[in-house]
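The values are calculated or read from the model by the stated rules, or taken from the named source; none is laboratory data. No experiment lies behind these values; they were computed from the predicted model shown. Reconstructed Cβ throughout: ideal geometry from the backbone, glycine too, with neighbour counts over all protein chains shown. Remember, those area values only see protein heavy atoms, side chains included, never the ligands or the DNA or RNA. Shrake-Rupley method; radii C 1.70, N 1.55, O 1.52, S 1.80 Å.
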Amino acid sequence: MGKKNKIPAEILDPGWQFYPKPTTLDPPGTVFRIDDKGRRYIVDYLEVKTTKGKEASGKIVRSSQASVGLLASLFGVDKVGIGVKAKKIERLVFEIIDSVKEETTDVSIGEVLDPFRAKLDYRADNRYFIIRDTRMASAMKYILSEQLVNDISGGAAALEDFSVEGEFKRLKEGEYELIQEFDGPMRIMFLPEEIAPAGVVLGGGEPPLGYFKVTETLIWEEG
């Protein structure tokens with residue numbers, strides 16, 4: 001009999017980002033900016049109406065992308081030695097344990113953005129984002145390729161020299177597993193929308209701000 005085909009990981013919709021650390025902060029409605037040097041700063045916390053619910057139970061393996069530098073922070077790895085690889089984008093396969101999704105609506109975002117835009121000191125050389133949806137978990141299981149381990153470890157000479165937060169082990173040649181368990185539900189991922197000028201104002205003046213879908217993997221350092 002032939003080998004059983006592996007079930008492919010479900011790819012999350014483009015735009016989903018990992019938080020630098022599992023957190024109870026930065027809920028839907030959080031506005032942040034990334035400056036021209038790639039540093040991220042919180043701008044404001046807008047109160048938006050949200051709904052929260054558990055996602056389908058059972059084993060759902062997903063995949064998404066993140067920068068090597070952000071994954072190092074997520075796994076609690078000392079980033080010394082990563083160097084230019086910090087901005088490298090890698091695909092990560094993972095399982096969200098006890099997945100809970102928080103989400104808001106276009107109407108709710110519109111209600112809070114209008115007054116926010118009126119007081120925002122908009123900096124043209126920064127990019128602004130609002131967190132729309134998040135995913136929470138009680139634990140996470142990551143499948144790491146050997147290349148990714150090498151990238152985020154700065155080339156650790158041996159497996160025992162690779163220190164991470166969680167239970168880390170080799171599954172097979174070229175593949176590793178990392179399990180992180182939390183004391184309670186933590187936000188793991190978020191879906192932002194970009195706040196940016198919408199259109200052109202005839203006769204000059206500042207154009208109004210709108211919000212737009214994000215499809216790229218964002219790269220930043222905490223400011």
Checking Arg170 against (1) in contact with a Phe, Trp or Tyr (Cβ under 7 Å, 6 or more places away or on another chain); (2) under 22 Å from Tyr19 (Cβ atoms), the condition it does not meet: (2)
Output for the range 51-96, where each listed residue is touching a strand residue (DSSP E or B) at 6+ places or on another chain (Cβ under 7 Å), outside any strand (DSSP E or B) and either open to solvent by 70 Å² or more (accessible area, probe 1.4 Å) or aromatic (Phe, Trp, Tyr) (or both): Lys59, Phe75, Lys87, Lys88
In the range 24-41, the residues that are within 18 Å of Thr104 (Cβ to Cβ) and surrounded by 13 or more Cβ atoms within 10 Å (Cβ to Cβ): Asp26, Pro27, Pro28, Gly29, Thr30, Val31, Phe32
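Regarding the range 155-169, can at least one residue be identified that is under 16 Å from Gly29 (Cα atoms), open to solvent by 60 Å² or more (accessible area, probe 1.4 Å), at pLDDT below 95 and touching a strand residue (DSSP E or B) at 6+ places or on another chain (Cβ under 6 Å)?
No.
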Which listed residue is at pLDDT below 90 and within 22 Å of the chain's Cα centre (by Cα), from Asn126, Asn150: Asn150
Checklist (1) within 12 Å of Leu209 (Cβ to Cβ); (2) modelled with pLDDT of 90 or more; (3) open to solvent by less than 10 Å² (accessible area, probe 1.4 Å) applied to Leu113, failing item: (2)
Some residue of the range 121-140 being in contact with a helix residue (DSSP H, G or I) (Cβ under 6 Å, 6 or more places away or on another chain) and not in a loop (DSSP other than H, G, I, E, B): no
One residue from Lys37, Lys21 being part of a strand (DSSP E or B) and among the basic types (Lys, Arg): Lys21
Criterion: without any contact (Cβ under 8 Å) to a residue 40 or more places away in the chain and under 20 Å from Ile152 (Cα atoms) - qualifying residue of Val68, Val80, Val93, Val84: Val84
